[in-house]
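Student: Shown below is the structure under consideration.
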Amino acid sequence: MSTFSNAGGSAEVPMHEPLTGTLIFERGAAESRCVEAPPLDVPAVSLDAVLGGRARSVPPALPHVTEVDIARHYEHLASANFGVDSGFYPLGSCTMKYNPKIDEQACRLPGFARIHPYQPEETVQGALELMWGLQEALAEVAGLPVVTLQPAAGAHGELTALLTIRAYHTANGDPRAKVLVPDSAHGTNPATVAMCGYQVVQIPSDERGGVDLEALRAALDTDVAALMLTNPNTVGLFDENILAITEAVHAVGALAYCDGANLNAIMGKSRPGDMGFDAMHINLHKTFATPHGGGGPGAGPVAVTEPLASYLPGPLVARDGEMFTLSTPEHSIGRVRSFLGNFGVLVRAYTYIRAVGGEGLREISEQAVLSANYLKALLEDAWPVAYDRTCMHEFVMSGGPLRKATGVRTLDVAKRLLDYGIHPPTVYFPLIVEEALMVEPTETEGKATLDRFAAVLRLIAEEAQADPDLLHGAPYTTPVRRLDEAAAVKNADLAWRPEDVEA
Amino acid sequence: MYPKELKYDREHEWVRMDGDVATIGISDFAQDQLGEVVYVDLPSVGDVVSTGESFGEVESVKSVSELFSPVSGEIVEVNSELDDAPELVNNDSYGDGWMIKVKVDNLSEVDALMDADSYEAYLAEEA
Amino acid sequence: MRFIPVTCEEQAEMLARVGARSVDELFSDIPEDARLARPLTLPEPMSEIALAAHLESLAGRDLDGSRVVSFLGAGIYDHYVPAIVDAVVSKPAFFTAYTPYQPEVSQGTLQAVYEFQSMICQLTGMEVSNASMYDGAAAFTEAALMAARVTKRDKVVVSGAVHPEWRETLATYVESGTLEVVEVPAAGGVTDVSAVGEALDERTAAVLVSSPTFYGTLEDLASLGALAHDAGALFVVATDPLLLGVLEPPAAYGADIVVGEGQALGNAVSFGGPGLGLFACRKAHIRQMPGRVAGKTTDVDGRTGFVLTFSTREQHIRREKATSNICSNHALNALAAGVYLAAVGAEGLAGIGEACVAKAHYLEAALVGTGHFERVFDAPFAREFALRYGGDVAAMQRHMLERGFLAGVDLGRFAADDAGFVLFAVTERHTREVLDRFVEEVSAL
């Protein structure tokens, strides 16, 4: 803000106070207040008497602050954060696209924000119609006819789908024990398999980055319940053998599950249902532009084929003439959460789909794929791509050669990008690529942003050659620099306590 | 780097024999691969371990590695120092960074392990 | 609307650089039979103005809390949300950020999470809190699974007075046989303590109860906790954080894991989601705790900073051996809860809790006084209570809706045994005038 020189201040009076590090507990004063309870307009009660001797004896040590303290505190914290609105965020597999502002307005409308899940259905027809419309739209995009909006996140969707598949096999008198997962899969896949009581069988990738078809066929038998596959996959490639893969899976009576993390590449171009998948989850916080929120909430609706539909968790929204109603499928696995789903997130996704329409979704995927291929073309002579093929909406580069040549690791490159005001790509994933950098530009970035990113990465490669220590020490310009993560575990400090202050 | 008096297995554990008791830790190569060790999960005295089976885990900030026993037998001592100072695994992997002591059932198992030269050759081959 | 900034001319340049003649060429890896040969059958795109009108018209068809007096609760509550809360969670730097995996540019999220964890520890009395989970049901379910890992046992005893949707969620998660769930029916609106004693054995990993219960009643946590510990099981308590300004914290009764639905702390009702799963436990058990957690540390220059820590428990590192498959937390809801708790402070929270309790007791006595409702449970309650209605509940609720009231939750929809019971939730937003008007309408039934 200031146009004056930065070189003033003293040890006692620094020109800038650190933005972070001072806790909200350390702000304000004992008498500071912000929101107070209204005066009691009914007769007071003796708390200990009415609560049966359970009244709190020692108050919790919460902050004592004024509203202005809070406003400043969180403004400072926000300024130490990087979001999509701050700059380029090419975080592979996470689809960090722009989050339209009208979505935020929509979910705050009182008719959506202040309705209760146990209201009579006739008093929430607008909300139910919205949910029904979203179910229909997601079914069309997925090519799978029935959708549940219940799952709260992608991993929750995986769990929901796998439990649905388990129930289907069990109902057919054919319980099975194993689930196949490629070695390139997200960690949530094997973790979900284990949570569902199945055994994980890992399938290797072939030299073109797809599923090793021979290894898959060898692993398939009548004890396999499902294959969990991300397609386009985690190295950013569409598996050319997808039809052969799903056919082989079905041939042994197993089902094919699509991890929909990469749906942003194929909307309106190809549908998982048409590829032979029986179920998939959809990350609304990736493909459908709902914000990531610093870690959540997201939403992970699941779409399935008709034979699986009667096992889905309830309730689903059905249309009955002009009325929208809630119902639970006949053989439902039961609830996977409380209430009706992450409705606030569903409102945002619905708003987005209605904003862009069907043609808009196709255009989004086309641009996402074009932008990724463009970026790959700009970079591939300086940064080797793991699989040199036309990619989908993302691609994976290897920092292995750079590390061998200079000792500079992918982690160092990531940290150096921060100095250039760019959020790093996903690093060290997928596990099958050495020193991986996974780049997903998304369709909401202009050409100039992509050009600059490529120029910066080329420059960093040069810096690595010239002065590896510069990169080992990065970042230099961020609110804090590299943090001691080992100390964070060994001297675990996971909560502020008033005792710490007194001590 | 790889003391001559020790025996090694392919999972990068080392063994030091004293009578029929084997002291077990991880090699310098293993600790270097892990990076800064922040936690070691060890079994209890009295537990029985078998060759090739997991007896615990060693963690750095971003990785977990299982520890595999090179021998079978009963655990007679565990290095409780590692609870508070897991970095001993990095700083003194063949000394204070030891992990468990096992009363070995079958001493011929120890003979079958690699000596330092074979282990170094094995590492070269793996690289 | 359109959110693509690339121009047609730039698209052509990009295609030329890629060496493709058309965008379709980039999709040639997709087998012919897997391609969609027609446009998606979806509604046409809308302008922002038309879209805003469409959304307002949809939302306008819902009877929202600003247009009705609602006594609905049962796990999700329409408390007042201070203006400062939305001002903070609306900051793009918070809501458009990803999970803070690059801590150097995520200190805002990380410090806010650390502060949230600290506040949850203060409220519950526990040593460690995670960075939040999906909702109360998820936290409750994860607590049962964690107890099994900690104790290396394979059975849990669950109170029938816990929210039915939470119990159902747990049952769904363990359907594959990973954990046996024994449900002890409620008696008199609270857990049947002697039945819990009978259900405990050397396989029991945990006793899971909720206080307040689904019926709004308060449990005898001291007795239940002692029973659990005598059997070598963990004691898991689901709490209502909004009431922890006036209720003793679960830690005072020996809770080993505390879970809860945190929506009431600064989050909208929002048709029941997103919620905020609270999860707190003992430090000794942290390596079995599910979910993310932030910790304090220093950077290379000695500055205080925060990181996600104990990550080796999680799926992205431990894969099938992870403590849970959970990846997301509900960071934005946790942020709202942190701002809420900072705004109200201990005094405000106690005052709001006291208002809820006093108004709930005022309404309960008045409803019983009308002669149309009768008391069914003796146990004390806080801000929510169940009464038996003398007539047809559905008809009464329809009648009251016509008069502008959502007259509680019909408990018959959850369990046949509870037919005729109506659950009323009261918050600090209900004025005496509104309560009196409701009672007047009830009297006229």
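The values are calculated or read from the model by the stated rules, or taken from the named source; none is laboratory data. A quick note: this is a predicted structure, and the numbers were derived from the prediction, not measured. Glycine gets a Cβ as well: all are built from the backbone with ideal geometry, and neighbour counts include every protein chain shown.
Student: From C:Leu55, C:Leu40, C:Leu26, C:Leu15, grab the single residue that is modelled with pLDDT of 95 or more, among the aliphatic types (A, V, I, L, M) and within 30 Å of C:Arg429 (Cβ to Cβ). So that I can check it myself, show each step before the final result.
Tutor: Values: C:Leu40 fails: within 30 Å of C:Arg429 (Cβ to Cβ); C:Leu26 fails: within 30 Å of C:Arg429 (Cβ to Cβ); C:Leu15 fails: within 30 Å of C:Arg429 (Cβ to Cβ).
Answer to the selection: C:Leu55.
Student: Suppose we filter A:Gly399, A:Gly446, A:Gly421 for residues that are assigned by TED's automatic domain parsing to the domain that holds A:Ala474 and either under 30 Å from A:Asp212 (Cβ atoms) or in contact with a Cys (Cβ under 8 Å, 6 or more places away or on another chain) (or both); which single one remains?
Tutor: On the way: A:Gly446 fails: either under 30 Å from A:Asp212 (Cβ atoms) or in contact with a Cys (Cβ under 8 Å, 6 or more places away or on another chain) (or both); A:Gly421 fails: either under 30 Å from A:Asp212 (Cβ atoms) or in contact with a Cys (Cβ under 8 Å, 6 or more places away or on another chain) (or both).
Of the residues listed, the single one that is assigned by TED's automatic domain parsing to the domain that holds A:Ala474 and either under 30 Å from A:Asp212 (Cβ atoms) or in contact with a Cys (Cβ under 8 Å, 6 or more places away or on another chain) (or both) is A:Gly399.
Student: Suppose we keep only residues that are at the interface with chain A (Cβ under 7 Å from one of its Cβ atoms) and surrounded by fewer than 24 Cβ atoms within 10 Å (Cβ to Cβ) within the stretch C:64-73. Which one would you say is nearest to C:Leu243 (Cα to Cα)?
Tutor: The initial filter retains those residues of the stretch C:64-73 that are at the interface with chain A (Cβ under 7 Å from one of its Cβ atoms), namely C:64-66, C:70, C:72.
Still in the running and surrounded by fewer than 24 Cβ atoms within 10 Å (Cβ to Cβ): C:65-66, C:72.
Numbers: C:Gly65: 21, C:Ser66: 24, C:Leu72: 17 Å.
Top of the filtered list is C:Leu72.
Student: Just wondering, is there one or more residues in the stretch C:328-347 that are of a type in the set (Ser, Thr, Tyr) and under 19 Å from C:Ser70 (Cα atoms)? First the steps, then the outcome.
Tutor: Step one: list which residues in the stretch C:328-347 are of a type in the set (Ser, Thr, Tyr), which gives C:328, C:340.
Remaining after also requiring under 19 Å from C:Ser70 (Cα atoms): none.
No.
Student: Which one of these is more than 15 Å from the chain's Cα centre (by Cα), outside any strand (DSSP E or B) and not small (Gly, Ala, Ser): C:Thr178, C:Thr213? If you could, list the steps in order and put the result at the bottom.
Tutor: Details: C:Thr213 fails: more than 15 Å from the chain's Cα centre (by Cα).
The unique qualifying residue is C:Thr178.
Student: Name the residue that is nearest to the other protein chains (Cβ to nearest Cβ), counting only residues in the stretch A:400-458 that are farther than 26 Å from B:Lys62 by Cα and among the β-branched types (Val, Ile, Thr).
Tutor: The residue in question is A:Thr444.
Student: Let me ask you something else. Looking at the stretch A:40-47, can you tell me whether even one residue there is of a type in the set (A, V, I, L, M, F, W, C) and touching a strand residue (DSSP E or B) at 6+ places or on another chain (Cβ under 7 Å)?
Tutor: We begin by selecting, within the stretch A:40-47, every residue of a type in the set (A, V, I, L, M, F, W, C); these are A:40, A:42, A:44-45, A:47.
Within this subset, residues satisfying the condition of being touching a strand residue (DSSP E or B) at 6+ places or on another chain (Cβ under 7 Å) are A:47.
Checked against the condition, which is being of a type in the set (A, V, I, L, M, F, W, C) and touching a strand residue (DSSP E or B) at 6+ places or on another chain (Cβ under 7 Å), the stretch A:40-47 yields at least one hit.
Student: So is C:Pro103 assigned by TED's automatic domain parsing to the domain that holds C:Val162, more than 16 Å from A:Pro117 (Cα to Cα), in contact (Cβ under 8 Å) with a residue 60 or more places away in the chain and of a type outside the set (Phe, Trp, Tyr) or not?
Tutor: Numbers: assigned by TED's automatic domain parsing to the domain that holds C:Val162: yes; more than 16 Å from A:Pro117 (Cα to Cα): yes; in contact (Cβ under 8 Å) with a residue 60 or more places away in the chain: yes; of a type outside the set (Phe, Trp, Tyr): yes.
Yes.
Student: Give me the residue from the stretch B:96-127 that is of a type in the set (Gly, Ala, Ser), out of contact with any helix residue (DSSP H, G or I) (no Cβ under 8 Å at 6 or more places or on another chain) and outside any helix (DSSP H, G or I) and, out of that set, surrounded by the most Cβ atoms within 10 Å (Cβ to Cβ). Step through it out loud before you land on a result.
Tutor: Looking only at the stretch B:96-127, we keep the residues that are of a type in the set (Gly, Ala, Ser), and these are B:97, B:108, B:112, B:116, B:118, B:121, B:124, B:127.
Within this subset, residues satisfying the condition of being out of contact with any helix residue (DSSP H, G or I) (no Cβ under 8 Å at 6 or more places or on another chain) are B:108, B:112, B:116, B:118, B:121, B:124, B:127.
Narrowing the set further to residues that are outside any helix (DSSP H, G or I) leaves B:112, B:127.
Numbers: B:Ala112: 12, B:Ala127: 6.
Looking at the filtered set, the residue picked out is B:Ala112.
Student: Then there is this: Go through (1) polar (S, T, N, Q); (2) in a loop (DSSP other than H, G, I, E, B); (3) touching an Asp or Glu at 6+ places or on another chain (Cβ under 9 Å); (4) over 26 Å from A:Ala488 (Cα atoms) one by one and return the number of the condition B:Ser44 breaks.
Tutor: Here B:Ser44 clears every test but (3).
Student: So, one more: Which of the residues spanning the stretch A:372-397 are surrounded by 24 or more Cβ atoms within 10 Å (Cβ to Cβ) and more than 7 Å from every other protein chain (Cβ to nearest Cβ)? Working first, answer last.
Tutor: From the stretch A:372-397, those surrounded by 24 or more Cβ atoms within 10 Å (Cβ to Cβ) are A:372-376, A:391-397; that's our starting set.
Within the stretch A:372-397, A:Ala372, A:Leu375, A:Lys376, A:Cys391, A:Met392, A:His393, A:Glu394, A:Phe395, A:Val396, A:Met397 qualify.
Student: So A:Ala139 clears everything in (1) outside any helix (DSSP H, G or I); (2) surrounded by fewer than 20 Cβ atoms within 10 Å (Cβ to Cβ) except one condition, right? Which one?
Tutor: Unmet condition: (1).
Student: Still on this structure, I have one more. So in the stretch C:150-172, with the set limited to residues that are β-branched (Val, Ile, Thr) and more than 24 Å from A:Pro313 (Cβ to Cβ), which one is nearest to the other protein chains (Cβ to nearest Cβ)?
Tutor: C:Val150
Student: Kindly provide the set of residues from the stretch A:276-291 that are surrounded by 24 or more Cβ atoms within 10 Å (Cβ to Cβ) and of a type outside the set (Val, Ile, Thr), ordered by number. Outline the logic, then answer.
Tutor: At the first step, the residues of the stretch A:276-291 found to be surrounded by 24 or more Cβ atoms within 10 Å (Cβ to Cβ) are A:277-291.
Those that are surrounded by 24 or more Cβ atoms within 10 Å (Cβ to Cβ) and of a type outside the set (Val, Ile, Thr): A:Phe277, A:Asp278, A:Ala279, A:Met280, A:His281, A:Asn283, A:Leu284, A:His285, A:Lys286, A:Phe288, A:Ala289, A:Pro291.
Student: Identify, from the list B:Ser44, B:Ser54, B:Ser27, B:Ser50, the residue that is closer than 28 Å to B:Ser108 by Cα, crowded, with 21+ Cβ neighbours inside 10 Å and not charged (D, E, K, R).
Tutor: Working: B:Ser44 fails: crowded, with 21+ Cβ neighbours inside 10 Å; B:Ser54 fails: crowded, with 21+ Cβ neighbours inside 10 Å; B:Ser50 fails: crowded, with 21+ Cβ neighbours inside 10 Å.
Unique residue meeting the criteria: B:Ser27.
Student: So, one more: Here is a list: C:Arg2, C:Arg38. Which entry is within 30 Å of A:Gly273 (Cβ to Cβ) and more than 7 Å from chain A (Cβ to nearest Cβ)?
Tutor: Working: C:Arg2 fails: more than 7 Å from chain A (Cβ to nearest Cβ).
Only one candidate qualifies: C:Arg38.
Student: Ok, one more. So, restricting to strands (runs of 3 or more DSSP E) that lie completely within the stretch C:228-323, which ones have at least 1 residues that are among the polar types (S, T, N, Q) and under 28 Å from C:Ala199 (Cβ atoms)? Talk me through it step by step, then tell me what you get.
Tutor: Working: elements: C:234-239, C:257-261, C:277-281, C:294-298, C:304-308.
Per the criteria, C:234-239.
Student: Restricting to the stretch C:233-257, and then to whatever is in contact with a Ser or Thr (Cβ under 7 Å, 6 or more places away or on another chain) and more than 13 Å from chain A (Cβ to nearest Cβ), can you tell me which residue is surrounded by the most Cβ atoms within 10 Å (Cβ to Cβ)?
Tutor: C:Leu234
Student: Which residue out of B:Glu81, B:Glu87 is under 30 Å from C:Val307 (Cα atoms), within 11 Å of another protein chain (Cβ to nearest Cβ) and surrounded by fewer than 19 Cβ atoms within 10 Å (Cβ to Cβ)? So that I can check it myself, show each step before the final result.
Tutor: Details: B:Glu81 fails: within 11 Å of another protein chain (Cβ to nearest Cβ).
Unique residue meeting the criteria: B:Glu87.
Student: Okay, next question. Could you list, in sequence order, the residues of the stretch C:173-198 that are within 9 Å of chain A (Cβ to nearest Cβ) and under 16 Å from C:Phe377 (Cβ atoms)? Let's see the steps before the verdict.
Tutor: To start, the set of residues in the stretch C:173-198 that are within 9 Å of chain A (Cβ to nearest Cβ) comprises C:173-178.
Listed by number, the list is empty, since nothing qualifies.
Student: Okay, next question. Buried (at least 24 other Cβ atoms within 10 Å of the Cβ), outside any helix (DSSP H, G or I), without any contact (Cβ under 8 Å) to a residue 60 or more places away in the chain and at the interface with chain A (Cβ under 7 Å from one of its Cβ atoms): is that true of C:Asn329 in this structure? Full working, then the answer.
Tutor: Numbers: buried (at least 24 other Cβ atoms within 10 Å of the Cβ): yes; outside any helix (DSSP H, G or I): yes; without any contact (Cβ under 8 Å) to a residue 60 or more places away in the chain: no; at the interface with chain A (Cβ under 7 Å from one of its Cβ atoms): yes.
So C:Asn329 does not fit the description; no.
Student: Could you go through the stretch C:143-152 and let me know if any residue there is part of a loop (DSSP other than H, G, I, E, B), under 24 Å from the mean Cα position of the chain (by Cα), at pLDDT 95 or above and surrounded by 19 or more Cβ atoms within 10 Å (Cβ to Cβ). Outline the logic, then answer.
Tutor: If we filter the stretch C:143-152 for residues that are part of a loop (DSSP other than H, G, I, E, B), which is where we start, we get C:152.
Now narrow it down to the ones that are under 24 Å from the mean Cα position of the chain (by Cα): none.
For the stretch C:143-152, residues part of a loop (DSSP other than H, G, I, E, B), under 24 Å from the mean Cα position of the chain (by Cα), at pLDDT 95 or above and surrounded by 19 or more Cβ atoms within 10 Å (Cβ to Cβ): absent.
Student: Shifting gears a bit: I'd like the full set of residues that are modelled with pLDDT of 95 or more, more than 16 Å from A:Ala466 (Cβ to Cβ) and surrounded by fewer than 18 Cβ atoms within 10 Å (Cβ to Cβ), limited to the stretch A:405-431.
Tutor: If the condition is that a residue be modelled with pLDDT of 95 or more, more than 16 Å from A:Ala466 (Cβ to Cβ) and surrounded by fewer than 18 Cβ atoms within 10 Å (Cβ to Cβ), then A:Gly421 is the only one that fits.
Student: Only one residue in A:Gly268, A:Gly314, A:Gly273, A:Gly294 is buried (at least 24 other Cβ atoms within 10 Å of the Cβ) and within 12 Å of chain C (Cβ to nearest Cβ), so which one is that? Outline the logic, then answer.
Tutor: On the way: A:Gly268 fails: buried (at least 24 other Cβ atoms within 10 Å of the Cβ); A:Gly314 fails: buried (at least 24 other Cβ atoms within 10 Å of the Cβ); A:Gly273 fails: buried (at least 24 other Cβ atoms within 10 Å of the Cβ).
Residue meeting the stated conditions: A:Gly294.
Student: Going through the stretch B:46-64 one residue at a time, which ones are away from chain A (no Cβ under 14 Å) and closer than 19 Å to B:Pro86 by Cβ?
Tutor: From the stretch B:46-64, those away from chain A (no Cβ under 14 Å) are B:46-56; that's our starting set.
The answer is B:Ser54, B:Phe55, B:Gly56.
Student: Among residues belonging to the stretch A:348-379 that are in contact with a Phe, Trp or Tyr (Cβ under 9 Å, 6 or more places away or on another chain) and free of Cβ contacts under 8 Å to residues at least 12 places away in the same chain, point out the one that is farthest from C:Ala59 (Cα to Cα).
Tutor: Ranking the qualifying residues of the stretch A:348-379, first place goes to A:Gly360.
Student: If you don't mind, another one. Looking only at the stretch A:155-188, filter to residues that are facing another protein chain (nearest Cβ under 8 Å), within 20 Å of the chain's Cα centre (by Cα) and in a helix (DSSP H, G or I); which one of those is farthest from A:Pro329 (Cα to Cα)? Outline the logic, then answer.
Tutor: If we filter the stretch A:155-188 for residues that are facing another protein chain (nearest Cβ under 8 Å), which is where we start, we get A:155-156, A:158-159, A:163, A:166-167, A:186-188.
Those left that are additionally within 20 Å of the chain's Cα centre (by Cα): A:155-156, A:158-159, A:186-188.
Then drop every residue that is not in a helix (DSSP H, G or I), which leaves A:155-156, A:158-159, A:188.
Working: A:Ala155: 22, A:His156: 19, A:Glu158: 19, A:Leu159: 18, A:Thr188: 27 Å.
The residue in question is A:Thr188.
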